[in-house]
Amino acid sequence: MLSFTLNGEKTTFDGDPDTPLLWVIRDANHLTGTKYGCGIAQCGACTVHVNGMSKRACVTPISTCEGSQITTIESVDGREAKAVQAAWKSLDVPQCGYCQSGQIMSAVALLKQKPSPSDEDIDNAMDGNICRCATYQRIRKAIHDAAKEMEASA
Amino acid sequence: MKMSAKRVFCIAVCLVASASSPAIAESLKSVDEFDNVKDEKARSVAMFEEVGKVLQHPRCLNCHPVGNQPLQGEDMVLHNPPVQRGPGNFGVAGMECNTCHQAMNVKVTGQSEDVKSIPGHPKWHLAPPEMAWVGKSLGEICLQLKDKERNGNKTMPEMIHHMAEDTLVGWGWEPGDGREPAPGTQAAFGKLFKAWVDTGAHCPKV
């Protein structure tokens, strides 16, 4: 029996320890905001936070999550998340939206480490998150806007 | 941003290119097999050339790249996603190596036949820039390994230990499904490397 914290709640999993975290989140815990895209860490749609850091849930065996704090799009919070959510809404970033929970989780993880990222910082942090609608320009601007908002409200 | 339609196309192409069928690992000659080379310098050089089969194998070269992006696959294409080295060789803020790579190789399911696993190790990271090997001759790599400014400030005994015992080096022989292991075994490689050092650590011509 594996135990971890999922979105602030103590959670257990007694299935195959090789099960990817993504399926524990989606199937066992019915949190479907985190998406399946490729299954091999090539697209970023499944990005969650494990102990505050970006993680591709599709290639993370649940056995590696014992005792971890896992956060998904459903409960990501804090000043970075609030700023990102506001900027995303303001710029109407999503188009089809499928990749956007992963984009937001990556953006929040970036801003936690780099509150004022450069274009290069954003490109490097986000280049594992693919958007089939090519909303990249809006994503980059929204991250800059979120950074400015964080600075203004600091 | 760097992302483009070309990137999306590249996902399919690069994935196919990055995971060729596993082949039987080429073996390494044992130290004894060099006994017939009577001249010690020539024997040292010959043993290093055998060591070079490992050093210049894609399992090693892919993470000893020139520049700031790792390579992948038997054909050593640029890593996809196009990740960056970062200040400590462990990736950049928000896109660290362990964003995707676990502490162990991870099998994947439901993929095409040539995509079997995601490689991993607890210390998964790039060799620092001064340890770049790609595109260099074996003679150049040999000099590099002996240069403390380009070998992590290691003495030769420390280098022997690194080659023979380091578990990230050892990943090269246990690279996970879908990847060809480095030739021989880490133990055989370590013995050859030590024998090379013990015979004067002579290098092939640059």
**Complete:** By Cβ neighbour count within 10 Å, fewest first, B:His202, A:His30 rank A:His30, B:His202
**Asked** Which whole-angstrom value gives the distance between the alpha carbon centres of region B:147-206 and region B:127-145?
**Response** 13
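Taking 31 Å as the cut-off for C-alpha to C-alpha distance, list the pairs among A:Lys55/B:Lys154; A:Lys10/B:Lys123; B:Lys53/B:Lys116; A:Lys112/B:Lys123; A:Lys112/B:Lys116; B:Lys41/B:Lys123 that go past it.
Where the Cα-Cα span goes over 31 Å, the pairs concerned are A:Lys55/B:Lys154; A:Lys112/B:Lys116; B:Lys41/B:Lys123.
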**Request:** Give me the net charge of A:Gly8's neighbourhood, meaning all other residues with Cβ under 15 Å from the Cβ of A:Gly8; Lys, Arg count +1, Asp, Glu -1.
**Result:** -2
**Message:** Mean-square fluctuation check for chain B, GNM, Cα pairs under 10 Å: which of B:Val108, B:Val77, B:Val169 is largest?
**Reply:** B:Val108
**Complete:** With a Förster distance of 51 angstrom and the Cβ-Cβ distance between B:Gln69 and B:Lys41, calculated FRET efficiency to the nearest 0.05 equals 0.85
**Message:** Quick check: the distance between the Cα centres of region B:25-45 and region A:43-94, to the nearest angstrom?
**Reply:** 53
**Complete:** In order over region B:82-92: 3J(HN,Hα) from phi, Karplus 6.51/-1.76/1.60, θ = phi - 60°, whole Hz, x for each Gly or Pro, gives x, 6, 10, 4, x, x, x, 6, 10, x, 10
**Asked** Around A:Tyr36, with a cut-off of 15 angstrom between Cβ atoms, what is the net charge of the other residues, counting Lys and Arg +1 and Asp and Glu -1?
**Response** +4
**Spacing of the two label points (7 Å from each Cα toward its C-beta) at A:Glu74 and A:Cys133, in nm** = 2.3
**Peptide A:39-48, shielding by other chains (average Cβ, 10 Å cutoff)** = 5
**Asked** Other chains near B:85-91: what is the mean number of their Cβ atoms within 10 Å of each residue's Cβ?
**Response** 1
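Take each uninterrupted DSSP H stretch in chain B, measure its Cα extent along the helix axis, and return the ones at 15 Å or beyond whose mean Kyte-Doolittle hydropathy is at least 0.5.
Span-like helices, by this rule, are B:5-18.
Sort B:Phe90, A:Phe13 by Cβ crowding within 10 Å, fewest neighbours at the top. All intermediate terms of the calculation are to be shown ahead of the outcome.
Numbers: B:Phe90 15, A:Phe13 21.
Ascending Cβ contact count within 10 Å gives the list B:Phe90, A:Phe13.
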**Asked** Hey, can you list the DSSP H helices of chain A whose Cα span along the axis is 30 Å or longer and whose average Kyte-Doolittle score is at least 1.0?
**Response** none
**Complete:** Total charge of the residues flanking B:Lys107 in space, meaning their Cβ is under 9 Å from its Cβ, with Lys and Arg +1 and Asp and Glu -1, is -1
**Fill in**
Nearest-0.05 FRET efficiency for A:Thr12 and A:Thr32 at R0 = 25 Å, using Cβ-Cβ distance, is 0.80
**Request:** Provide B:Lys53, A:Lys89 in ascending order of the number of other Cβ atoms located within 10 Å of each residue's Cβ, fewest first.
**Result:** A:Lys89, B:Lys53
**Item:** Approximate spin-label separation B:Lys146-B:Phe90, in nm, with each point projected 7 Å along Cα-to-Cβ
**Value:** 3.4
**Message:** Spelling out what I want: for every residue of region A:43-51, take phi, set θ = phi - 60°, compute 6.51 cos²θ - 1.76 cosθ + 1.60 (Karplus), and round to whole Hz; glycine and proline get x.
**Reply:** 10, x, 4, 9, 5, 10, 10, 10, 6
**Request:** Along Cα→Cβ, 7 Å out, is where each label goes; now give me the distance between the ones at A:Lys141 and B:Asn153 in nm to one decimal.
**Result:** 4.8
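All of the numbers you see were taken from the coordinates with simple rules; none came from a lab. All values reported here derive from a predicted model rather than from experimental measurement. Positions of Cβ are backbone-derived with ideal geometry, glycine not excepted, and every protein chain shown enters the neighbour counts.
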